[in-house]
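**Student:** Shown below is the structure under consideration.
The values are calculated or read from the model by the stated rules, or taken from the named source; none is laboratory data. Everything quoted here is computed from the prediction, not taken from an experiment. Glycine also receives a Cβ, built like all others from the backbone with ideal geometry; neighbour counts cover every protein chain displayed. Heads up: the accessible areas ignore ligands, DNA and RNA and are worked out on the full protein's heavy atoms, side chains in. Shrake-Rupley method; radii C 1.70, N 1.55, O 1.52, S 1.80 Å.
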Amino acid sequence: MSDFYEKLGVARGASDDEIKRAYRKMAMEFHPDRNHGNAAAEAKFKEINEAYDVLKDADKRAAYDRFGEAAFRNGGGGGPGGFNASDFGGFGNAFSDIFEDVFGEMMGGRRGGRQQNGRGADMQYALDITLEEAFKGKEAKIKIPSVESCDGCKGSGAADGAKPETCTACNGAGRVRSQQGFFTIERACPTCNGDGRIIKDPCKKCGGMGRVRKEKVLQVAIPAGIESGRRIRLAGEGEAGLRGGDSGDLYVLIGVRPHKLFRRDGADLHCRVPIQMTTAALGGSVEVVGIDATKTQVKIPPGTQTGQQLRMRNQGMSVLRSTQRGDMYIEIFVETPVNLDKKQQDLMAQLESTISKEGKKHSPESEGFFKRMKELWSDLST
């Protein structure tokens, strides 16, 4: 018979946790329920249980390390020589010690006492606000459907002040166990639904649940500078708990609607401002209204191009939980005049003729672009 450590695939000096993890992995792999009709897997499962039954126990392991399998022969110690085939269908009691770790959550089992009173579910409410409201902050009223503690029984679920009684099926544990083949399966008590208590005279208003559906109005404080995607938590404003359990929380999910003039980038704002061609060429000023309704004259320097940005410090959005503000960026768009009359067209033609004679001076970007185009054409043609 091979070494117990080799059977579990661990070194002789392995820690208890390493041995347990190795056993857990192999038990999952070779368990008979996963290998129906596979005699080799069943034999392997017996071997790893025999090995783990010895190595999990400090005294047995010490004896094995000193004397080997001889320490368990002649009926000694409950190891391979003293293996009790009646424990868990002939696979030893080692598997029972780790059963809940491996399969507990799969079967719905949980160690401990009866299920506690159920905490109410958390809720989420989507609230859309304007960019101006996000800048200033606001107090908003919201109306939400909710589940609240029943005032008829004060959340107990029992009528006329009666108290719930201990469930006799599970003795108040909230869970019951049953034997199925190799396994002892734990599940919620079907009599009390895992609560551990029975209400013989349920409240007529809530049907014994301890809570009722209502619509409530809440006040939500929205801080200045809040952004889309942020959540505001209102503790205890979610669904009421089952039969006196704690209430859940309400999360208000903020969405900031797109603005018709401003585009937000964190705490900064961007505003696309069209200006006349003459203003761009000669310089001038335009009046811009900020998010706080303040009017500002913005100076346009001569020769301003489309796409150029002018920065207005501290004219952007409020910064969350701060007295600071972001900046506002004016993005210039030079507008080409349309619907010109004959006189205006003649004037534009005269201007074009004058400028064309000194193109490098007045239109350096255009001159540079077309020069590079000529160079490219020349390279491709050779």
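**Student:** How would Arg175, Arg34 line up by accessible area, probe 1.4 Å, largest first?
**Tutor:** So the residues, ranked largest to smallest area, are Arg34, Arg175.
**Student:** Next question. Could you list which residues have their amide H under 5 Å from that of Cys167, counting only those 5 or more apart in sequence or on another chain, with H placed in the peptide plane?
**Tutor:** Gly172, Arg197, Ile198
**Student:** Let me ask something else about it. Can you work out the Karplus-derived ³J(HN,Hα) for every residue in region 147-154? Use 6.51 cos²θ - 1.76 cosθ + 1.60 with θ = phi - 60°, whole Hz, and x for glycine or proline.
**Tutor:** For region 147-154, the Karplus-derived couplings read 10, 10, 4, 5, 7, x, 10, 6 Hz, x marking Gly and Pro.
**Student:** Any idea what the relative contact order of region 206-276 is, in percent, if you count C-alpha pairs under 8 Å spaced at least 6 apart?
**Tutor:** About 25 percent, as a whole number.
**Student:** Hey, another quick one. Would you rank Asp17, Asp65, Asp160 by solvent-accessible area, highest first, keeping every protein chain in place and using a 1.4 Å probe?
**Tutor:** From most accessible down to least: Asp160, Asp17, Asp65.
**Student:** For Lys343 paired with Lys260, estimate the spin-label separation in nm (one decimal), with each label point 7 Å from Cα along the Cα-to-Cβ line.
**Tutor:** Those two pseudo-labels are separated by 3.5 nm.
**Student:** Another question, if that's okay. List the trypsin sites (Lys or Arg not before Pro) within region 308-380 that fall in a DSSP loop (any state other than H, G, I, E or B) and whose Cβ has at most 15 other Cβ atoms within 10 Å.
**Tutor:** Here the trypsin sites (Lys or Arg not before Pro) that fit, given the DSSP loop and packing criteria, are Arg313, Arg321.
**Student:** Find how much the distance from Glu227 to Lys44 grows on full extension, using 0.36 nm per residue of separation minus their present alpha carbon separation; answer in nm with one decimal.
**Tutor:** 59.9 nm
**Student:** Further, regarding this structure: Taking amide H positions as placed 1.01 Å from N in the peptide plane, with prolines and chain starts having none, which residues 5 or more places from Gln308, or on another chain, fall under 5 Å of its amide H?
**Tutor:** So Gln308 has HN proximity to Ile332.
**Student:** Please list, or write none, the aspartates and glutamates whose alpha carbon is within less than 15 Å of the alpha carbon of Lys205, excluding same-chain residues fewer than 8 places away.
**Tutor:** Glu148, Asp151, Asp160
**Student:** Which aspartates and glutamates have a Cα less than 17 Å from the Cα of Lys25, not counting those fewer than 8 places away in the same chain?
**Tutor:** List returned: Glu6, Asp16, Asp17, Asp33, Glu42, Glu47, Glu50, Asp53, Asp97, Glu100, Asp101, Glu105.
**Student:** Okay, next question. Using a Cα-Cα cut-off of under 19 Å, which lysines could be cross-linked to Lys371, ignoring same-chain neighbours fewer than 8 residues away?
**Tutor:** Partners found: Lys357, Lys360, Lys361.
**Student:** Shifting gears a bit: Within the set Lys138/Lys295; Lys136/Lys260; Lys141/Lys163; Lys163/Lys204, which residue pairs have Cα atoms separated by over 26 Å?
**Tutor:** Lys141/Lys163
**Student:** Using amide H atoms built in the peptide plane, which far-off residues or other-chain residues are under 5 Å from Gly316 H to H?
**Tutor:** Sorted by chain and number, the residues that satisfy this are Gly326, Asp327, Met328.
**Student:** Among Val252, Cys192, Gly208, which residue has its Cα positioned farthest towards the positive end of the charge dipole of region 182-254, with +1 placed on the Cβ of Lys and Arg, -1 on the Cβ of Asp and Glu, and the dipole taken about the Cα centre?
**Tutor:** Sorting the options by dipole projection puts first Gly208.
**Student:** Let me ask another. Mind listing the phi-derived Karplus ³J(HN,Hα) values for region 290-306, rounded to whole Hz, using 6.51, -1.76 and 1.60 with θ = phi - 60°, and x for any glycine or proline?
**Tutor:** Along region 290-306, the couplings run x, 5, 9, 6, 7, 8, 9, 8, 9, 7, 9, x, x, x, 5, 10, 4 Hz.
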